[in-house]
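Read the figures in this text as sums done on the coordinates, not as results from a lab. On a predicted model such as this, the values are computed, not experimentally measured, just so you know. Cβ coordinates were reconstructed from backbone atoms using ideal geometry, including for glycine residues, and neighbour counts include every protein chain displayed.
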Amino acid sequence: MTGAERQQAVFAALADPTRRAVLRSIASGEASTATELAARLPITRQAVQKHLVLLEHARLVDAERVGRETRFQATPAPLTDAIAWMTGVGAQWDDRLAALGDAIVSEQPRITPPTTP
């Protein structure tokens with residue numbers, strides 16, 4: 001998977017509010033199973049499992065088999081990469097808006113205050 005594909009997978013995974021809730025629940029504590037997550041969230045175990053597959057594809061969670069259970073834990077690296085990308089895009093917009101503001105100010109006609117007799 002290329003860097004752009006990984007980034008796309010991260011944003012696609014984070015676009016869904018239920019997946020964000022699953023990720024938030026995993027990130028707030030120790031590694032969790034799909035059953036434990038379903039007990040904490042208002043969705044079924046099967047729904048949790050489907051969301052976990054997409055989160056794992058985006059590398060936002062890591063799965064580890066422990067006996068008969070699969071435990072999931074959050075992996076921060078993809079979020080760090082997404083934040084860095086958003087920060088870069090935000091900086092570009094800040095630069096553009098500052099340049100626009102400068103252009104508007106330089107185009108303003110200079111108004112001199114009236115003199116009093």
Practice task
Can you tell me the FRET efficiency between H57 and T80 if r is taken as the Cβ-Cβ distance and R0 is 22 Å, rounded to the nearest 0.05?
Solution key: 0.80
Problem - Residue-count net charge about L100 - beta-carbon cut-off 12 Å; Lys, Arg +1, Asp, Glu -1 - result: -3
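Taking only the alpha-carbon atoms of the chain, what semi-axes of the equivalent ellipsoid follow from 5 times the gyration tensor eigenvalues under a square root, in whole Å, largest first?
Details: eigenvalues 493, 51, 23 Å².
In descending order, the three semi-axes are 50, 16, 11 Å.
For the stretch 1-67, give the magnitude of the charge dipole about the Cα centre (Cβ charges: +1 Lys/Arg, -1 Asp/Glu; no others), in debye to the nearest 20.
Working: 9 positive and 7 negative charges, 34 e Å.
For this selection, approximately 160 debye.
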Practice task
Could you work out which residue, out of E69, E107, E30, moves most in a Gaussian network model of the chain, that is, has the largest mean-square fluctuation with Cα springs under 10 Å?
Solution key: E107
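From Cα pairs below 8 angstrom and at least 6 apart in sequence, can you work out the relative contact order of the chain, rounded to a whole percent?
Numbers: 98 pairs, mean separation 28.4, N = 117.
So the answer I get is 24 percent.
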Exercise for the section: Please build a GNM for the chain, connecting alpha carbons under 10 Å apart, and tell me which residue among V61, V22, V105 fluctuates the most. Expected result: V105
Exercise for the section: For a label point 7 Å from the Cα of Q73 along Cα→C-beta, name the residues of the stretch 9-48 whose backbone N is under 14 Å from it. Expected result: 26-33
Problem - Size of charge dipole - the chain - debye, nearest 20, with Cβ of Lys, Arg +1 and Asp, Glu -1, no other charges - result: 480 debye
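Run lengths n ≥ 4 of DSSP H only: what is the helix-derived mean residue ellipticity at 222 nm for the chain, with -39500 (n - 2.57) per run over all residues, to the nearest 500?
On the way: 5 runs with 74 residues, N = 117.
Rounded to the nearest 500, it is -20500 deg cm²/dmol.
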Problem - Angle in degrees between helix 77-107 and the longest Cα principal axis of the chain, rounded to the nearest 10 - result: 10 degrees
Fill in the blank from the handout: Between the Cα axis of helix 3-14 and the main Cα principal axis of the chain, the angle (0 to 90°, nearest 10) is 80 degrees
Completion exercise
The long-range amide H neighbours of T75, using H built 1.01 Å from N in the peptide plane and a cut-off of under 5 Å, are V61, D62
Problem - Of D95, D81, D62, the one that fluctuates the most in a GNM where the chain has Cα springs shorter than 10 Å - result: D95
